[in-house]
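S.K.: Submitted below is the structure of interest, expressed as structure tokens.
The values are calculated or read from the model by the stated rules, or taken from the named source; none is laboratory data. As the structure is a computational prediction, the values presented were derived from the model and not from experiment. Please note: Cβ atoms are built from the backbone with ideal geometry, for glycine as well, and neighbour counts cover all protein chains shown. Surface accessibility is based on the protein's heavy atoms, side chains included, excluding ligands, DNA and RNA. Shrake-Rupley method; radii C 1.70, N 1.55, O 1.52, S 1.80 Å.
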Amino acid sequence: MTNNDTIVALATPSGSGAIGVIRLSGPDAITITDKVFKGKNLAKQASHTIHFGTIRDGEAILDEVLVSLFIGPHSYTKEHVVEISTHGSPYIIESIIKLLIRSGARAAKPGEFTLRAFLNGGMDLSQAEAVADLIASNSASSHQVAMQQMRGGFSNELQVLREQLIHFASMIELELDFGEEDVEFANRDQLRDLINKIHRVLYRLISSFEQGNVMKNGVPVVIAGKPNVGKSTLLNALLNEERAIVSEIAGTTRDTIEDEMSIKGVVFRFIDTAGIRETADIIEAKGVERTREKMKQAKLIMYLFDPVVQASEEISEQLEELKVLGIPFVGIVNKKDLLDVSLIRSLDSFNLNFISAKEKEGIDELKEEILRKVNLHKINNDDVIVSNIRHVEALQKTEEALERVLYGLDNPVTSDFLAMDIKQALYYLGEITGAVTTDDLLDNIFSKFCIGK
Ligand SMILES: Nc1nc2c(ncn2[C@@H]2O[C@H](COP(=O)(O)OP(=O)(O)OP(=O)(O)O)[C@@H](O)[C@H]2O)c(=O)[nH]1
Ligand SMILES: [Mg+2]
């Protein structure tokens with residue numbers, strides 16, 4: 001697909017900076033720039049060269065700039081691309097963009113550069129989505145999944161399998177053409193083998209999502225326990241800031257409070273909650289209900305005890321309840337500073353972590369412990385991980401369609417039904433890489449990008 005118009009946008013963040021980069025892409029990117037650029041004739045220059053000159057609006061010099069040339073198809077979008085590096089004044093940038101628009105360019109829509117890269121075959125859809133993830137990445141782990149996906153990730157693997165499946169679909173279609181005659185071009189055993197092979201790949205990819213999701217969005221860790229055990233104090237100690245209100249009154253925190261923090265490259269989303277107790281206070285009761293919900297969604301629960309007010313029978317009971325929940329947890333005794341040695345010894349058998357949130361004691365050890373518990377460390381660079389909910393949904397739908405094909409192979413089902421289910425599987429596989437797209441799908445994906453990407 002080729003675009004006739006040339007788009008322009010600021011590619012660097014808005015606001016003042018040392019430099020700003022304005023990007024143009026399209027068939028007239030170079031000729032439009034030539035109209036306002038005084039320096040060498042850009043149309044006569046080689047690709048991948050940089051040129052110094054001025055941008056002029058009539059006689060007025062707007063800025064001294066550097067222009068980088070990328071002659072299509074050797075560019076991000078596969079079209080002619082010009083990048084103008086200006087001084088990073090919002091006034092200069094706005095004036096130059098307006099001038100370029102008056103000279104024939106059009107303001108780019110969000111994600112339009114990357115959309116063109118996709119439409120012109122520079123990358124597949126999952127890679128284009130990874131560009132947005134890469135820009136949004138804020139930790140070593142989210143960076144790793146985005147980078148791996150942008151560099152091809154699982155799309156090549158899916159592409160190969162999809163082509164093999166297309167082969168069978170066309171063989172079965174051919175059988176349909178022969179109608180009454182009882183012919184079988186598609187070898188059913190081979191088809192079954194292929195589907196099983198695809199199943200294994202899908203299974204591996206779908207199961208990687210849970211991990212991919214936390215690598216991208218952070219590991220949700222809920223801090224829970226009875227009122228006044230020091231949950232908010234612990235949140236503040238972990239974040240190293242006074243994020244939540246702390247007081248000696250039980251029931252201080254009534255709503256959940258969340259904040260992120262990266263530990264050794266893994267982003268954790270710590271969620272402080274309302275202390276769990278029976279209460280007549282309607283607002284606090286709602287808070288407690290919310291605590292229980294958050295606990296169910298957590299990847300890890302940090303459960304706090306205060307043995308000065310909690311007997312060891314109660315601690316033991318609550319640990320049992322936690323086990324029933326089936327979510328990994330770390331049992332923590334807080335207010336270590338108030339405990340005498342004999343009390344600490346009496347709790348030995350529970351396998352708890354002892355800290356003092358207030359004195360910030362044992363916090364580093366606790367961080368190590370939660371890192372170990374979430375177990376995100378053993379990912380290899382070449383493990384393929386799915387982190388995009390759209391991809392995992394398409395993979396699941398592919399799997400369902402393939403189940404139906406397998407059912408069809410084992411039961412007396414006519415070839416046209418078989419063909420239909422294979423086509424469904426092909427459709428969903430194609431949605432991931434963008435071999436199959438609709439305008440809605442593309443709109444949905446690229447409208448979430450920033451302008452200039
Ligand atoms: N001595 C001591 N006091 C602590 C420690 N951690 C917290 N506290 C005190 O315990 C009280 C309650 O602390 P919070 O952090 O508000 O407790 P919480 O669990 O968030 O309480 P709710 O929000 O009411 O559920 C405050 O007075 C804190 O200063 C600690 O390690 N040692
Ligand atoms: Mg609190």
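S.K.: Say R0 is 60 Å: what FRET efficiency, to the nearest 0.05, do residue 170 and residue 48 get from their beta-carbon distance?
M.R.: Details: r = 42 Å, r/R0 = 0.70.
FRET efficiency, residue 170 to residue 48: 0.90.
S.K.: Just the number please: accessible area per residue for the chain, 1.4 Å probe, all protein chains included, in Å².
M.R.: Values: 22750 Å² over 453 residues.
Counting only protein heavy atoms, the per-residue value for the chain is 50 Å².
S.K.: How far is helix 140-150 tilted off the main Cα axis of the chain, in degrees rounded to 10, range 0 to 90?
M.R.: 30 degrees
S.K.: Could I have the simple spin-label model distance between residue 383 and residue 5, label points 7 Å from Cα toward Cβ, reported in nm to one decimal?
M.R.: With each label point 7 Å from Cα toward Cβ, the separation is 4.6 nm.
S.K.: Give me the number: length gained by fully extending residue 87 to residue 423, i.e. 0.36 nm times residue separation minus the C-alpha to C-alpha distance, one decimal in nm. Walk me through the intermediate numbers first.
M.R.: Values: separation 336, 0.36 × 336 = 120.96 nm, distance 5.32 nm.
My answer for the length gained is 115.6 nm.
S.K.: Computing the accessible area with a 1.4 Å probe over protein heavy atoms, can you report the carbon and sulfur percentage for the chain? List each step's numbers first, then the result.
M.R.: Values: 11620 of 22750 Å².
Exposed carbon and sulfur together represent 51 percent of the surface.
S.K.: Would you please name the chymotrypsin sites (Phe, Trp or Tyr not before Pro) within the range 158-246 that are DSSP coil residues with at most 15 other C-beta atoms within 10 Å of their C-beta? Mind showing how you got there, number by number?
M.R.: Working: sites: 168, 178, 185, 203, 209; in loops: 178, 185.
Sparse-neighbourhood loop chymotrypsin sites (Phe, Trp or Tyr not before Pro): 178, 185.
S.K.: Assuming 0.36 nm per residue, please report the length gained on full extension of the stretch residue 369 to residue 177 beyond their Cα-Cα distance.
M.R.: Full-extension gain reported as 62.7 nm.
S.K.: So, one more: Take the alpha-carbon centre of the range 90-119, take the same for the range 29-55, and report the distance between them in whole Å.
M.R.: When both Cα centres are located, 17 Å separates them.
S.K.: Find how much the distance from residue 283 to residue 19 grows on full extension, using 0.36 nm per residue of separation minus their present alpha carbon separation; answer in nm with one decimal. Walk me through the numbers on the way to the answer.
M.R.: Details: separation 264, 0.36 × 264 = 95.04 nm, distance 5.10 nm.
Difference between extended and current length: 89.9 nm.
S.K.: Which FRET efficiency, nearest 0.05, do residue 351 and residue 200 yield, Cβ-Cβ r, R0 35 Å? Kindly include the intermediate steps, with their values, before the conclusion.
M.R.: On the way: r = 38 Å, r/R0 = 1.08.
Working from the Cβ atoms, E equals 0.40.
S.K.: Going by the alpha-carbon gyration tensor, a ≥ b ≥ c the square roots of its eigenvalues, is the chain rounded (a/c under 1.5) or, if a/c is not under 1.5, prolate (a/b greater than b/c) versus oblate? Please report the intermediate quantities before stating the final value.
M.R.: Working: a/c = 3.05, a/b = 1.30, b/c = 2.34.
Since a/c reaches 1.5 but b/c is at least a/b, the shape of the chain is classed as oblate.
S.K.: What's the center-to-center distance, using Cα atoms, between the range 255-272 and the range 58-85 in Å?
M.R.: Comparing the Cα centres of the range 255-272 and the range 58-85, I get a distance of 42 Å.
S.K.: Let me ask something additional. If a paramagnetic tag sat 7 Å from the Cα of residue 247 along the Cα-Cβ line, which residues of the range 299-313 would have the backbone N under 18 Å from that point?
M.R.: In the range 299-313, the label zone of residue 247 (backbone N under 18 Å from the point 7 Å along Cα→Cβ) covers no residue.
S.K.: If you don't mind, another one. Identify the trypsin sites (Lys or Arg not before Pro) of the range 329-402 meeting these criteria: DSSP loop state and at most 11 other C-beta atoms within 10 Å of the C-beta.
M.R.: Details: sites: 335, 336, 345, 358, 360, 367, 372, 373, 378, 390, 397; in loops: 335, 358, 360, 378.
Taking the range 329-402 and a limit of 11 other Cβ atoms within 10 Å, the loop trypsin sites (Lys or Arg not before Pro) found are 378.
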